[in-house]
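I have placed the structure first, in the form of structure tokens, so that the comments after it can refer back to it.
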């Protein structure tokens, strides 16, 4: 059974359906990149996967022991966050919030897991720093560590390299690939950056208010769709 | 200094005012950090105006002021929260609409019943003479409840304040915590309103948070620092108001302004030293 299965799902708002015809699987160990232009339904799909929005029709199922609240989510940063007085450790530890259930305080185990995830991403030394004083790349790593605190299996990344300089973006891609290949985490990444998507991911889901393509990256680069979007560059 | 304090403590009235004031300052400071960071500062201001209207109506009808105002203001808090989360209506405009409406109704009710006298002035700018024994008991109980709930849900409040989207994604009921925050704020505002005045109570919520954010860099230290700043400022404010016969609410706000300037300068100085 796949971690996530979409069966002819359609998602939308009051005004109407935003994206339809979603039929794909995400299996353990996959690195799926969701691409498409602005307004193609990428953000709506994220809400659907996180169960913040139920499908208008069809189904989105989680399986293989994955609970919907066990998706490690890396949202896009809001303007308010960039200016938020929070310590890095406080932010990372908040990834454990759903594990506590009704209990109000974090346990020693929670703190240990938060520390481990900081080390895992190579930012253990930033533990006591102030979040807003970190560089963009470091902030993303801190939020990624928080996401890891919430999951053992699947990470859902929303435009993780948006606003990062090319070097920081490359480092983050390397880190994500390491998590995927060495630590066996399944990755679902939403991205604008089709070129990197093709380089990084094992599978591609291309949206344009409906599902335009789903399959392996090798198959994707041979399609006319990919050739058009990649501009006849390395994909051709 | 000590003899002024001893003199103040010999008046039962002042002791009551200080007890309630210190507790309300503490609650307001804790809640204020979240409200300011969530960009909800205007809700606090809106609620105090609604509180003014409710207070005026309660007095006109001869009912217990706190018992009427608390439910009305809590209700208004939920309403304002819904409005500010609903992107179809412009949140800040809606808040202004509700708060001025409540203010207008309050003023009309007062002028029809008791006439525009010192009562209005007391509601607007506060008076420490307004606290009865029953009020003090209720205030102390409710403040303790607000404090207990804040401590109990501290981690969740931080999580929801920092990143509501993430919290929702991992299954935290963010909406519920927003409601809790709004409810606690409403209670705190009503409790502090008659001493601080409807026009000035929101300062108690906003100032300590902003002041401590000038120099503190972690959520926990911001919360603790603003609690200390708020209580200290209230204490200095009430002593000054007694000594120089100034209005209490305004004195407390003035001390808060001074603290804000002091912390801002310290923050700038620290930042400047780091950069060079």
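Of note:
- Number of positions in the stretch A:177-210 that are under 21 Å from residue A:64 (Cβ atoms) and assigned to a helix (DSSP H, G or I): 3
- Residue match in the stretch B:255-275 (condition: over 29 Å from residue B:54 (Cα atoms), touching a strand residue (DSSP E or B) at 6+ places or on another chain (Cβ under 8 Å) and within 14 Å of another protein chain (Cβ to nearest Cβ)): no
- Here the stretch B:228-239 is the region considered, the condition is being in contact (Cβ under 8 Å) with a residue 60 or more places away in the chain and buried (at least 22 other Cβ atoms within 10 Å of the Cβ), and the residue that is farthest from residue B:150 (Cα to Cα) is B:238.
- Residue that is modelled with the lowest pLDDT, among those in the stretch B:94-131 that are surrounded by 13 or more Cβ atoms within 10 Å (Cβ to Cβ) and part of a loop (DSSP other than H, G, I, E, B): B:114
- Filter result for residue A:23 (surrounded by fewer than 18 Cβ atoms within 10 Å (Cβ to Cβ) and assigned to a strand (DSSP E or B)): yes
Condition check ((1) assigned to a helix (DSSP H, G or I); (2) under 28 Å from residue B:162 (Cα atoms); (3) within 14 Å of chain A (Cβ to nearest Cβ); (4) modelled with pLDDT under 85) across all residues:
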| position | (1), (2), (3), (4) |
| --- | --- |
| B:3 | yes, no, no, no |
| B:19 | yes, no, no, no |
| B:27 | yes, yes, no, no |
| B:31 | yes, yes, no, no |
| B:34 | yes, yes, yes, no |
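- The condition (being modelled with pLDDT under 85, at positive phi and either within 18 Å of the chain's Cα centre (by Cα) or in a loop (DSSP other than H, G, I, E, B) (or both)) is satisfied by just one residue among A:29, A:39: A:39.
- Being in contact with a helix residue (DSSP H, G or I) (Cβ under 8 Å, 6 or more places away or on another chain) and within 11 Å of chain B (Cβ to nearest Cβ) is a property that does not hold for residue A:115.
- Residues located in the stretch A:71-84, provided they are in contact with a strand residue (DSSP E or B) (Cβ under 7 Å, 6 or more places away or on another chain) and at the interface with another protein chain (Cβ under 8 Å from one of its Cβ atoms): A:71, A:73, A:75
- Looking across the stretch B:150-161 at every residue that is in contact with a helix residue (DSSP H, G or I) (Cβ under 7 Å, 6 or more places away or on another chain) and at the interface with chain A (Cβ under 10 Å from one of its Cβ atoms), the one that is farthest from residue A:89 (Cα to Cα) is identified as B:153.
- Only residues that are outside any helix (DSSP H, G or I) and either modelled with pLDDT of 95 or more or in contact with a strand residue (DSSP E or B) (Cβ under 8 Å, 6 or more places away or on another chain) (or both) were counted across the stretch A:136-163, and they come to 9.
- With respect to the conditions (1) within 14 Å of another protein chain (Cβ to nearest Cβ); (2) on the phi > 0 side of the Ramachandran plot, residue B:197 falls short on a single one, namely (1).
- Residue B:13 vs. criteria in a helix (DSSP H, G or I), in contact with a helix residue (DSSP H, G or I) (Cβ under 6 Å, 6 or more places away or on another chain) and in contact (Cβ under 8 Å) with a residue 60 or more places away in the chain: no
- Selection within the stretch A:100-112 - more than 9 Å from every other protein chain (Cβ to nearest Cβ) and in a loop (DSSP other than H, G, I, E, B): A:101, A:102, A:103, A:107
- Residue that is modelled with the lowest pLDDT, among those in the stretch A:60-92 that are in a helix (DSSP H, G or I) and under 19 Å from the mean Cα position of the chain (by Cα): A:68
- Conditions (1) within 20 Å of the chain's Cα centre (by Cα); (2) more than 8 Å from chain B (Cβ to nearest Cβ); number of the one not met by residue A:97: (2)
- Residue that is at pLDDT 90 or above, closer than 21 Å to residue A:225 by Cβ and touching a helix residue (DSSP H, G or I) at 6+ places or on another chain (Cβ under 9 Å), where the choices are A:18, A:34: A:34
The values are calculated or read from the model by the stated rules, or taken from the named source; none is laboratory data. Small disclaimer: the values here were computed from a predicted structure and weren't measured. Glycine gets a Cβ as well: all are built from the backbone with ideal geometry, and neighbour counts include every protein chain shown.
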